[in-house]
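Peer 1: The structure is given below, and queries will be raised subsequently.
The values are calculated or read from the model by the stated rules, or taken from the named source; none is laboratory data. Given the structure is predicted, the values throughout are model-derived calculations rather than measurements. Counting neighbours? That spans all protein chains shown, and the Cβs are built from the backbone with ideal geometry, glycine included. These accessible areas exclude ligands, DNA and RNA; they are computed on the full protein's heavy atoms, side chains included. Shrake-Rupley method; radii C 1.70, N 1.55, O 1.52, S 1.80 Å.
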Amino acid sequence: MSRILLLLSILILYSIAISAQKKSYMAVRLINGQIDIDGIPYDSAWNAAEWDGDFIQITPYENREPTQLTKFKILYDDTYIYALIRAYDSSPDSIEKRMSRRDEDEGDLLGIGFDSYHDLRTAFVFLINAAGVKTDAVVTEDGGNWNYNWDPIWYVKTGFDDEGWLAEIKIPFTQLRFGKKDEYIWGLQVGRVVFRNNEQSGWCLIPPNAPGWVSYFGELYGIKGIKPQKQKDITPYFVADVERYEKSDEDPFLTGKGSKLSGGLDAKIGLTNDLTLDLTVNPDFGQVEADPSVVNLTAYETYYEEKRPFFIEGRNIMDYTLTTGGPLSSDNLFYSRRIGRPPQLYPDTEDDEYVKPVSNTNILSAFKITGKTRNGWSIGVLESVTQRETTEIDSFGSRNTEPVEPLTSYSLVRLQKDLNEGNTRIGGILTATNRQLDNPVLQKLHKSAYTGGFDFNQQWKDKTYYITLKTIFSHVAGTKEAIVETQTSAPRYFQRPDALHLKVDSGLTSLTGFGGTIMGGRAGNSKWPFLLWVTWRSPSLELNDLGYLYNPDIIQEIFWVGYHDYEPFSIFRQLLLNFNQWYGCTFGSEKLYFGLNFEAYTILKNYWDVSTGVAYDTRNASPTELRGGPMLFYSPGWTLFYNISTDSRKKLVLSVSGQHFIGSERQFNYMNLSTGISWRVNKAFKMELSPNLVYFKYYIAYVDNVEDSLAITHYIRGTLNQIETSLTLRFTLNITPDFTIQYYGMPFVSAVDYNHYKYILDPSARRFSDRYSSFSAEQIVPVYDGDDIIYSIDSDIDGTEDYRFDNPDFNTFQYRSNLVARWEYRPGSTVYLVWSFTQNRYKNEGSYSFKDDMGEIFRIHPHNIFLIKFSYRFGL
């Protein structure tokens, strides 16, 4: 009996070992003949390699046979690796060929990914759709981060016949990263998407709920006798632009026209095969899409996404995000929009003085070194220098200059080390910002700012469970004036009178803070993932010189659990349910918020996307709402959110989404309603329209903080009625995969109207009506000064003005647009033709009429910029 049990045990262990073995493929060296990348797979050289076609379905039915057969083979020589992927199709006429811009993977797809480091965490992915449009990405963190802004040089052609379609691929070894070895083992995955039924299959099964991605790759053998090759690309460019705008008879700087001719250099040089130097001198980003229009009435800074190619590529290595989800998710030690930012200072001027506008700080040069070594070190180094910016001031024909931004150096070093086959990771980051404050005007800014952090991540049980620790510190230094400004400005407000743990120290010349996050949970391999984290930011933490900090002085706890079923059942292709709970307080143990939400997301079997959810916030409090005043309490409220989108495979796709907040005691109501129309007119032309309506009513909205003659601060509030309407337009014409014309436009109107003015009595009162008192008609008197209104306050109605405040009503009218024609006339070399069109007007009114306001936009004289940019890549 014992022998039988022993034999059974051996068989079980053997079967487990067999099932755990990774798939493998043997690449063959190309010796005889050559391969022409033409989409015609009849070069005799292909005969040297064997076909492999044992694909498995990933979605919608995990671990089943695919509905269509797929095969591939791989060759290599001293310079390139070649892949031929054959996608058989029982209905070739149904293959979807959609033209689009690079990295917009629409239609039927084929792709191949290489883990050339063989670190089980990093992959270089190359996708091609049936129309020949490329998508490429660097995948890091075992699938946790996909960087689609990586645009390597590689070659591909698609072909079609009665059996389906295929892709011939040629990738230079210079575009991959690997060390020097006699023989290599790489990770390998080959995949396919059949668009008409949204089916994804792969050579290796990677379940949708897997806790990793690259670690599930198979293995590529047979590559030997090759040498790591360093990339050496130098791309000079030239830019010519012409400006036309409305001339001013009063402002001498608004002449109505301008022109500029400039040039610069971009370079990508392999220092080793593992590390790449990216260099830019006098960069120009005139082809980059404009930021969306925003009216921000809060104390917090608006966060804008990075769109400049130099700063996007490789940013995953330099990233140091503390948390994911919620308003704190933008906190990061590196926020690249700080480099080349709009000037932080503006001259104090008198009436009839005019200032020459300076839109952005000029980047003199920047370089970064990124990569991953063969022994598991991820390295990111960045250095950038921005120009000292001055502006001219005209006073009755007399000119003088004043600095608005100092010469500044930005530096960053980021290191991470993989241990234990990628299951353990340790790392650190240091950043430095140093400014040359050579003028008393500039002393308002920090002279130096340093931040740093240490991070640790541990995964176990096949990466199912994990724990992560991140710590950070900051140290800023400057004059006493600069440090007082840091302590008392948004979002810090050390002067808050009810904060016993805060105080303003006017004698400081530096400020040091700290923060961190600890989180753990189950990432995958289960229908029940969960996450628990605690994150904290000390009151003195300051990241905003090179990073982004939404809110210091906070301790936040979040618990999340989900039920995720990716297997089709009933009417669902997949169903995801999530529950969240959150709590926050200050470092003085003052409760800020507590809330719960439940959300559901599904893809139906008719391919519609549907999501909805509801959230409840208890009685919360804001330490910033009174702009340095005491904590203001909010009444509880409910939020409903939803999104419905029709079948994305169709030529016409419709969507509607919304968010609605209703507060108890009528403190405030909020509605954000969006619709979307995406119409693929034909295989090359696509139109997208997205109207948006926002309505916000807040009964005690911030107006001003005013001191009276006795130095008593009065917190003036009003009933805010804000209406915003916008329309986002995108038109894309793809003449070829390398020649595209794209238009982006956004007409935007915001009307902000205040009435029923009041002042704060008791910001922490339990009843909403006890937190304020409204001004009577005898206490508030409007004073007219031409078209302007000033409100005079006589609190005790004795005929004497106690204080006054300006009329806060306003309207914003904007139209921002870009028309960009891009032609990549040879790999890595491009020509851009750009037309930027902007209309902008501000009025002190506050009234809203959709018809009149939209008409007002088109009565504004436009600001036009016409630009041509030519670059040529020299591959050395």
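Peer 1: Contact list please: Cβ distance under 8 Å, first residue in segment 561-588 and farther than 21 Å from residue 61 by Cβ and modelled with pLDDT of 95 or more, second residue open to solvent by less than 30 Å² (accessible area, probe 1.4 Å) and hydroxyl-bearing (Ser, Thr, Tyr), pairs at least six apart or on different chains.
Peer 2: Close Cβ pairs satisfying both conditions: 587/538.
Peer 1: On to the next question. Does residue 242 satisfy the criteria of being open to solvent by 10 Å² or more (accessible area, probe 1.4 Å) and among the β-branched types (Val, Ile, Thr)? Even if it seems obvious, please write down each step before you answer.
Peer 2: Working: open to solvent by 10 Å² or more (accessible area, probe 1.4 Å): yes; among the β-branched types (Val, Ile, Thr): yes.
Against the criterion (open to solvent by 10 Å² or more (accessible area, probe 1.4 Å) and among the β-branched types (Val, Ile, Thr)), residue 242 qualifies.
Peer 1: Then there's this: Return the pairs, sorted by first residue and then second, in which the second residue is open to solvent by 40 Å² or more (accessible area, probe 1.4 Å) and assigned to a strand (DSSP E or B), the first residue lies in segment 466-480 and is under 21 Å from residue 321 (Cβ atoms) and in contact (Cβ under 8 Å) with a residue 40 or more places away in the chain, the beta carbons are less than 6 Å apart, and the residues are 6+ apart or on different chains.
Peer 2: Between residues of segment 466-480 that are under 21 Å from residue 321 (Cβ atoms) and in contact (Cβ under 8 Å) with a residue 40 or more places away in the chain and residues that are open to solvent by 40 Å² or more (accessible area, probe 1.4 Å) and assigned to a strand (DSSP E or B), the close pairs are 467/458; 469/456; 469/518; 471/454; 473/514.
Peer 1: Identify all residues within segment 48-72 that are open to solvent by less than 60 Å² (accessible area, probe 1.4 Å), within 17 Å of residue 188 (Cα to Cα) and more than 37 Å from the chain's Cα centre (by Cα); write none if there are none.
Peer 2: 49, 52, 53
Peer 1: If you go through segment 349-367 one residue at a time, do you hit one that is polar (S, T, N, Q), surrounded by fewer than 16 Cβ atoms within 10 Å (Cβ to Cβ) and touching a Gly at 6+ places or on another chain (Cβ under 7 Å)?
Peer 2: yes
Peer 1: Being in a strand (DSSP E or B) and either of a type in the set (Ser, Thr, Tyr) or at pLDDT 90 or above (or both) is the requirement here; does residue 358 meet it? Full working, then the answer.
Peer 2: Details: in a strand (DSSP E or B): no; either of a type in the set (Ser, Thr, Tyr) or at pLDDT 90 or above (or both): yes.
Criteria not met by residue 358.
Peer 1: Still on this structure, I have one more. Residue 680 passes all but one of (1) within 21 Å of residue 131 (Cα to Cα); (2) among the basic types (Lys, Arg); (3) open to solvent by 20 Å² or more (accessible area, probe 1.4 Å); (4) in contact with a strand residue (DSSP E or B) (Cβ under 6 Å, 6 or more places away or on another chain); which number fails?
Peer 2: Single failed check for residue 680: (3).
Peer 1: Ok, one more. Quick check: is even one residue across segment 209-222 at pLDDT below 95, charged (D, E, K, R) and surrounded by fewer than 20 Cβ atoms within 10 Å (Cβ to Cβ)?
Peer 2: no
Peer 1: Which residue out of 848, 825, 872 is buried (at least 18 other Cβ atoms within 10 Å of the Cβ) and either at pLDDT 90 or above or within 30 Å of residue 309 (Cα to Cα) (or both)? Outline the logic, then answer.
Peer 2: Details: 825 fails: buried (at least 18 other Cβ atoms within 10 Å of the Cβ); 872 fails: buried (at least 18 other Cβ atoms within 10 Å of the Cβ).
None of the other options fit; the residue is 848.
Peer 1: State which residue pairs qualify: first residue within 14 Å of residue 59 (Cα to Cα) and inside segment 598-612, second residue modelled with pLDDT under 95 and hydroxyl-bearing (Ser, Thr, Tyr) in any location, beta carbons under 7 Å apart, and separation of 6 or more residues or different chains.
Peer 2: Matching pairs, first to second residue: 607/648.
Peer 1: Hey, another quick one. Restricting the first residue to segment 530-555 and requiring it to be touching a residue at least 24 places away in the same chain (Cβ under 8 Å), which pairs with a second residue that is among the acidic types (Asp, Glu) and open to solvent by less than 30 Å² (accessible area, probe 1.4 Å) meet a Cβ separation below 6 Å and a spacing of at least six or different chains?
Peer 2: 539/553; 549/331; 550/331
Peer 1: Okay, next question. Tell me which of these residue 525 doesn't satisfy, since it passes every other one: (1) in a strand (DSSP E or B); (2) surrounded by fewer than 18 Cβ atoms within 10 Å (Cβ to Cβ).
Peer 2: Tallying (1) in a strand (DSSP E or B); (2) surrounded by fewer than 18 Cβ atoms within 10 Å (Cβ to Cβ), residue 525 fails exactly one: (1).
Peer 1: Among the listed residues 267, 290, identify the single one that is modelled with pLDDT under 85 and open to solvent by less than 30 Å² (accessible area, probe 1.4 Å).
Peer 2: On the way: 267 fails: modelled with pLDDT under 85.
Every option except 290 fails the conditions.
Peer 1: Scan segment 293-328 residue by residue and report those that are of a type in the set (Gly, Ala, Ser), more than 25 Å from residue 383 (Cα to Cα) and either assigned to a helix (DSSP H, G or I) or open to solvent by less than 40 Å² (accessible area, probe 1.4 Å) (or both). Walk me through how you get there before you give the answer.
Peer 2: Within segment 293-328, the subset of a type in the set (Gly, Ala, Ser) is 293, 299, 314, 325-326.
Remaining after also requiring more than 25 Å from residue 383 (Cα to Cα): 293, 299, 325-326.
Within segment 293-328, 293, 299 qualify.
Okay, residues lined up against (1) touching a His at 6+ places or on another chain (Cβ under 7 Å); (2) under 27 Å from residue 111 (Cα atoms):
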site: 201; (1), (2): no, yes
site: 209; (1), (2): yes, yes
site: 227; (1), (2): no, yes
site: 249; (1), (2): no, no
site: 261; (1), (2): no, no
site: 268; (1), (2): no, yes
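Peer 1: Here is a further query. What pairs come up if the first residue lies in segment 225-238 and is farther than 19 Å from residue 372 by Cβ and in contact (Cβ under 8 Å) with a residue 24 or more places away in the chain, the second is of a type in the set (A, V, I, L, M, F, W, C) and in a loop (DSSP other than H, G, I, E, B), and their beta carbons are under 9 Å apart, counting only those six or more places apart or on different chains?
Peer 2: Filtered contacts from segment 225-238: 232/876; 233/153; 233/876; 234/876.
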